[in-house]
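Below is one structure, written out as C-alpha cells, with a few remarks after it.
The values are calculated or read from the model by the stated rules, or taken from the named source; none is laboratory data. Note that the coordinates shown come from a computational prediction; the quantities given were computed from them, not determined experimentally. Heads up, the Cβs are rebuilt from the backbone with ideal geometry, glycines too, and the neighbour counts pull from every protein chain shown.
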Amino acid sequence: MTKDDTLTVWQVVELARHPERPYALDYIRRWAPDFVELHGDRLGADDSALVGGVGSWAGRTVMFLGQQKGRNFPERVRRNFGMMHPEGYRKAMRLARQAAKFRFPVVCLIDTPGAYPGAAAEERGIAAAIAHSIMEWFWLPIPVVAAVIGEGGSGGALGMAVGDRVVMLENSIYSVAMPEAAASIVWRDNSRKVEVAEQLQITSRDLLAMGVVEEVVEEPAGGAHTDFDATAKALERTILRYLEALTRTPTEELLQHRYERFRYIDSLIHADADFGPKVGSGPA
Amino acid sequence: MITLTPAYKDVPLVGSPLPEIPLPTNCPGCGVGLDREELADRAYVCDCGHHFEMRGEAWIAFLADLDSWAERWADIRPHDLLNWRLPKPYSLVIDQLRSEGLNEAVRTGTCRLGGRPVWAGVFDFRFVGGTLSIVAGERLARGLEAAASERVPYILVAASGGARMQEGVLALLQMAKVNAAVGRLHAAGVPYFSVLTDPTFGGTAASLALLGDVNVAEPGAKIGFTGPRVIKQATYADLPADFQTADFQLARGQVDMVVPRTELRPLLAHLVDLYST
Ligand SMILES: [Zn+2]
C-alpha cells in the first residue's frame, strides 16, 4: 500500500467527501452479511441518517451503528446527507442499551458533516439529545469502538464517537467544525474554507499526533473509493484486533479507562505543568 | 413566577455587592433613565423586567455570599496549540483578553449561597465568546469531580457560543471530558443546577449546560445548538420571532423553568435544600 503524503489538506477533505467513497452500510454488509437493520427511537420517529442493527462478525453478534450518507440524490435527501436529527441520537442510545443487555460490543462508524443545522432539529432538542448521548456512552458496560470513515463533523460526530478506541481511515477528517462552518464562525466568510482547513489540523495524521485517535488505517492508493473490499478488510482487521482485547477486559476497568481516555484526552499537549495526571496504562 | 416559602425570602437577592457593568443611559426595555447603584442592588434587572447582561465576575459576586468565593485553578493558562493565525493570531487574542483582566471562558471555585456551600462554574462570554476550550474544560471537569467527591451541589452559569475553533478538535473533545465528569456527579447523587444565560449554544449547550438536574433559563436568553445565522444560511428558513428563546425551550421541554434573576438566588437556595438528602 502506498502512503500519499503529498496530498494537500483540502485534497484530503475532498477524498473524505468523495461521492464514490464507501459509506457505513458498505462496510457493515461486507463484515456481517447477515446484518439485520433495526429502526426507530421508540419515541415517535426513525432517523435514516443513522443506521443501526445486529450482525455476526468474527463469531459474535455485534451492534453496528453508522452515520449513513446516500449514494444518489434521492437517497442523499432521504439520509439527510448523513446529518442526524435528535431522533437519530435517541435511536442510537436505544440500540446501545440493547447491546448492553446482550453484552454485544458496539461498533460506531462516523461519517457526518455535523448534526442537522435546521429549525426542526432545534425544535426537538438536538443539543440535549447529543449531550445525553455523550454522557450515556460513559456508562454502557460493553466495548465500544468508533471509526471515522469519512467526515467527523463537530458535536454531531462526537455524539457517536465516545469509544474505548477511536480509529480513523487515512483520508477521513475529524474536526471541531467543518472547514466551511469554522470559516463562517471565525471569519464570517465561509469562502476561506481552504485556509481554515489547513489551520484546524483535521487529518488522520494530525489527530494521531494529538493522541485523539489510537490508529490510522491506511487506504488503498488513490483512496477508499478505489477498492471497497480492500478498505473494508483493512478496517476490519484493526477494529477486530481492538474488540478482541476489549471483550476480555473486565467491565469496571473498561469504564474507568473510557473515562480517563476522554478526561485526559488533551494530556499530550502539556499545556501547563499543572495540567492533570496522564492517562494510565489501560487495557491493551 | 416561582412560589417560595417565607424562609427563602430571606436569601438576599445578590450575594455580594455587584461590580459595575457596561450600561446604556436608558433602559432598552422601558426607556427610563438608569440609576446604576439601584440597578446593581437589583441584580441589574430593571423594574420593567429587562435583564442587563452580566458577565464573569458579576455572576460570581451575584452567586457568592460576601467574601465566600474561593477561586480554584485560576493559574491554568490557554496555549496556542495550532499556531492559529486566522483572521488574527490566537496568541494575540489571548494576550489582549488577559491584559483586560479576563481569565478564560470559565472560572470555577467554591462559595456559599445563602450560607449553603456550593461549587460554581461560571462562563464568561467576553473571553472568545465564552467558548469551551481546554482550560475551560479542565476547570469544569476538576470542579465537577471535586463536587462529586465532596458531595457539594454544583451550580453552572452558562454563556457560550460553543467549542473554541482556535483549539481545534481538542476543544470539541472537551464536551466528552466535561460530560464524563457530569455523569460521575449524577452517579454520586450530588445535585447539579444549570443556569442558562444569553447566549448558550453549540458544544456547550450540547454538553454540560443542558444536563442539570434542574435547568433554569434567564428570561429572554437564547439557547440552542445551531445559531440562527447558520440555520438561515443552511436552510433558508424563516425563523419565528421567539425561536430559541428561554420560553421557546421551556415549551419544548428543554428547561425546567424561566426565572427572573431577582428570584434566582432564593430559588437556588431552595433547590439546594430540597435536593440535599
Ligand atoms: Zn426598563
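When you go through B:THR131, B:THR110 one by one, which is the residue that is under 23 Å from B:SER149 (Cβ atoms), of a type in the set (Val, Ile, Thr) and either touching a Ser or Thr at 6+ places or on another chain (Cβ under 9 Å) or modelled with pLDDT under 95 (or both)? Steps first, please.
Numbers: B:THR131 fails: under 23 Å from B:SER149 (Cβ atoms).
That would be B:THR110, the only listed residue that is under 23 Å from B:SER149 (Cβ atoms), of a type in the set (Val, Ile, Thr) and either touching a Ser or Thr at 6+ places or on another chain (Cβ under 9 Å) or modelled with pLDDT under 95 (or both).
Does A:VAL162 fit the bill of being crowded, with 24+ Cβ neighbours inside 10 Å, of a type in the set (Val, Ile, Thr) and farther than 22 Å from A:HIS225 by Cβ? Taking the combined requirement at face value, the residue satisfies it. The residues listed here are B:VAL157, B:VAL128, B:VAL152; of these, the one that is touching a helix residue (DSSP H, G or I) at 6+ places or on another chain (Cβ under 7 Å) and away from chain A (no Cβ under 13 Å) is B:VAL157. Entry remark, the range B:22-42: residues being within 15 Å of the ligand (Cβ to nearest atom) and part of a loop (DSSP other than H, G, I, E, B) number 12 in total. For the range B:43-67, taking the residues that are closer than 12 Å to B:LEU113 by Cα and in a loop (DSSP other than H, G, I, E, B), the one that is farthest from the ligand (Cβ to nearest atom) is identified as B:ASP67.
One residue is enough: does the range B:68-85 have a residue meeting the conditions out of contact with any helix residue (DSSP H, G or I) (no Cβ under 9 Å at 6 or more places or on another chain), within 16 Å of the ligand (Cβ to nearest atom) and assigned to a loop (DSSP other than H, G, I, E, B)? Within the range B:68-85, none of the residues are out of contact with any helix residue (DSSP H, G or I) (no Cβ under 9 Å at 6 or more places or on another chain), within 16 Å of the ligand (Cβ to nearest atom) and assigned to a loop (DSSP other than H, G, I, E, B). Examine the range B:87-105 for a residue that is part of a loop (DSSP other than H, G, I, E, B), in contact with a Pro (Cβ under 7 Å, 6 or more places away or on another chain), within 16 Å of the ligand (Cβ to nearest atom) and not β-branched (Val, Ile, Thr), and state whether such a residue exists. Within the range B:87-105, not a single residue is part of a loop (DSSP other than H, G, I, E, B), in contact with a Pro (Cβ under 7 Å, 6 or more places away or on another chain), within 16 Å of the ligand (Cβ to nearest atom) and not β-branched (Val, Ile, Thr).
Restricting A:ALA115, A:ALA182, A:ALA157, A:ALA128 to those that are closer than 17 Å to A:ASN80 by Cβ, within 11 Å of another protein chain (Cβ to nearest Cβ) and assigned to a helix (DSSP H, G or I) reduces the list to A:ALA157.
With a requirement of 2 or more residues that are more than 18 Å from A:MET178 (Cβ to Cβ) and of a type in the set (Phe, Trp, Tyr), none of the helices (runs of 4 or more DSSP H) lying completely within the range B:139-208 satisfies it.
Would you confirm whether any residue within the range B:168-184 is buried (at least 24 other Cβ atoms within 10 Å of the Cβ) and more than 10 Å from chain A (Cβ to nearest Cβ)? Break it down into steps so the answer makes sense when it comes.
Keep residues of the range B:168-184 that are buried (at least 24 other Cβ atoms within 10 Å of the Cβ), which gives B:168-182.
After this cut, where a residue has to be more than 10 Å from chain A (Cβ to nearest Cβ) as well, the list is none.
For the range B:168-184, residues buried (at least 24 other Cβ atoms within 10 Å of the Cβ) and more than 10 Å from chain A (Cβ to nearest Cβ): absent.
Evaluate the following for B:ALA136: is it more than 16 Å from the ligand (Cβ to nearest atom), under 30 Å from B:PRO12 (Cα atoms), within 14 Å of another protein chain (Cβ to nearest Cβ) and not in a loop (DSSP other than H, G, I, E, B)? Spelling it out, B:ALA136 is indeed more than 16 Å from the ligand (Cβ to nearest atom), under 30 Å from B:PRO12 (Cα atoms), within 14 Å of another protein chain (Cβ to nearest Cβ) and not in a loop (DSSP other than H, G, I, E, B).
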